[in-house]
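Undergrad: The structure is given below, and queries will be raised subsequently.
The values are calculated or read from the model by the stated rules, or taken from the named source; none is laboratory data. Keep in mind it's a predicted model, so treat the numbers as computed, not measured. Cβ atoms come from the backbone with ideal geometry, glycine included; neighbour counts cover every protein chain shown.
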Amino acid sequence: GAGVSQSPSNKVTEKGKDVELRCDPISGHTALYWYRQSLGQGLEFLIYFQGNSAPDKSGLPSDRFSAERTGGSVSTLTIQRTQQEDSAVYLCASSWLAGGLAKNIQYFGAGTRLSVL
Amino acid sequence: GQQLNQSPQSMFIQEGEDVSMNCTSSSIFNTWLWYKQDPGEGPVLLIALYKAGELTSNGRLTAQFGITRKDSFLNISASIPSDVGIYFCAGQGARGSYKLIFGSGTRLLVRP
């Protein structure tokens, strides 16, 4: 597609349930990133994929959070046993990784707003 | 970990006025970026800065990469109502680290 696509756009779940958030990056982008944005805050890095591997998953808050990427394209962020503090907007971005940091412009999707009741 | 201090937190200005916002960091960044986020949308890149001291313009927007590599500012000249939104600075640090570190944002409101 033309841009980064995320689904669902909104997700309401009950505490303790598992949720899956999906990201379709811009076609051909090799790198994919997940960020979390709490209300009124900046974005917080979660994990980064280069192809299907994750060289940096240092931002995942706990072992309840996991992510995978298949075929160098679609990625899924899974949150198990959701807690109320997981409520936030989860944003995905993708980029080319072309010869150095200078060309690593990250393009963002509109996000998934997760509400844990 | 690396943190960015962004100020001001919010601004309410008259249409036509100029705006200035800045970010400072306790550590060095190799790249500074400025994004704008509208409600219900993801951030959109406004300006990217790659070299210390670099001054770059994009229409009414001007941004600079501080010479110490620990700060950046964004200026908006002659503001218009569609400038309303939240502006974020973001830094990219050590070589091999692709993650962005974001400031907490500046909320801009423009009075027609």
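Undergrad: Please work out which residue is modelled with the highest pLDDT, limiting yourself to segment B:83-99 and to residues that are assigned to a loop (DSSP other than H, G, I, E, B) and under 23 Å from A:K57 (Cα atoms).
TA: Here is the first cut: in segment B:83-99, the residues assigned to a loop (DSSP other than H, G, I, E, B) are B:84, B:93-99.
From what's left, under 23 Å from A:K57 (Cα atoms): B:93-99.
Values: B:G93: 75, B:A94: 63, B:R95: 61, B:G96: 61, B:S97: 67, B:Y98: 81, B:K99: 86.
That would be B:K99.
Undergrad: Give B:T62, B:T24, B:T31 a once-over and let me know the one that is within 17 Å of A:I105 (Cβ to Cβ) and β-branched (V, I, T).
TA: Among B:T62, B:T24, B:T31, only B:T31 is within 17 Å of A:I105 (Cβ to Cβ) and β-branched (V, I, T).
Undergrad: Give me a count of the residues in segment B:51-65 that are in a strand (DSSP E or B) and without any contact (Cβ under 8 Å) to a residue 24 or more places away in the chain.
TA: Count: 6.
Undergrad: Within segment B:66-74, is even one residue among the hydrophobic types (A, V, I, L, M, F, W, C), buried (at least 19 other Cβ atoms within 10 Å of the Cβ) and in contact (Cβ under 8 Å) with a residue 60 or more places away in the chain?
TA: If we filter segment B:66-74 for residues that are among the hydrophobic types (A, V, I, L, M, F, W, C), which is where we start, we get B:67, B:73-74.
Next, only the ones that are buried (at least 19 other Cβ atoms within 10 Å of the Cβ) stay: B:74.
Filter once more, keeping what is in contact (Cβ under 8 Å) with a residue 60 or more places away in the chain: none.
The answer is no, given that none of the residues of segment B:66-74 is among the hydrophobic types (A, V, I, L, M, F, W, C), buried (at least 19 other Cβ atoms within 10 Å of the Cβ) and in contact (Cβ under 8 Å) with a residue 60 or more places away in the chain.
Undergrad: With the structure loaded, tell me whether A:D24 is more than 14 Å from chain B (Cβ to nearest Cβ) and charged (D, E, K, R) or whether it fails that test. Reasoning before the result, please.
TA: Details: more than 14 Å from chain B (Cβ to nearest Cβ): no; charged (D, E, K, R): yes.
No, not satisfied.
Undergrad: Here's another thing I want to ask about it. Scan segment A:41-51 for residues that are over 14 Å from the mean Cα position of the chain (by Cα) and either more than 7 Å from every other protein chain (Cβ to nearest Cβ) or in contact (Cβ under 8 Å) with a residue 24 or more places away in the chain (or both) and report the count. If you could, list the steps in order and put the result at the bottom.
TA: If we filter segment A:41-51 for residues that are over 14 Å from the mean Cα position of the chain (by Cα), which is where we start, we get A:41-42, A:51.
Narrowing further to those that are either more than 7 Å from every other protein chain (Cβ to nearest Cβ) or in contact (Cβ under 8 Å) with a residue 24 or more places away in the chain (or both): A:51.
Looking only at that region, the number is 1.
Undergrad: Now for a different question. Test each condition in (1) away from chain B (no Cβ under 14 Å); (2) in contact with a helix residue (DSSP H, G or I) (Cβ under 9 Å, 6 or more places away or on another chain) for A:W96 and report the one that comes out false.
TA: (1)
Undergrad: Within segment B:9-38, track down each residue that is of a type in the set (V, I, T) and farther than 16 Å from B:G103 by Cβ.
TA: The one that is of a type in the set (V, I, T) and farther than 16 Å from B:G103 by Cβ: B:I13.
A quick yes/no check of all residues on (1) out of contact with any strand residue (DSSP E or B) (no Cβ under 7 Å at 6 or more places or on another chain); (2) closer than 26 Å to B:G85 by Cα:
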site: A:W34; (1), (2): no, yes
site: A:Q41; (1), (2): yes, yes
site: A:P61; (1), (2): yes, no
site: A:F65; (1), (2): no, no
site: A:G71; (1), (2): yes, no
site: A:E85; (1), (2): yes, yes
site: A:L91; (1), (2): no, yes
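Undergrad: Residues in segment B:39-58 that are more than 10 Å from chain A (Cβ to nearest Cβ), surrounded by fewer than 16 Cβ atoms within 10 Å (Cβ to Cβ) and farther than 16 Å from B:K70 by Cβ: how many?
TA: So the answer is 4.
Undergrad: Tell me, which residue of segment B:11-41 that is within 15 Å of the chain's Cα centre (by Cα) and among the small types (G, A, S) is farthest from A:S7 (Cα to Cα)?
TA: Checked segment B:11-41; the qualifying residue farthest from A:S7 (Cα to Cα) is B:S20.
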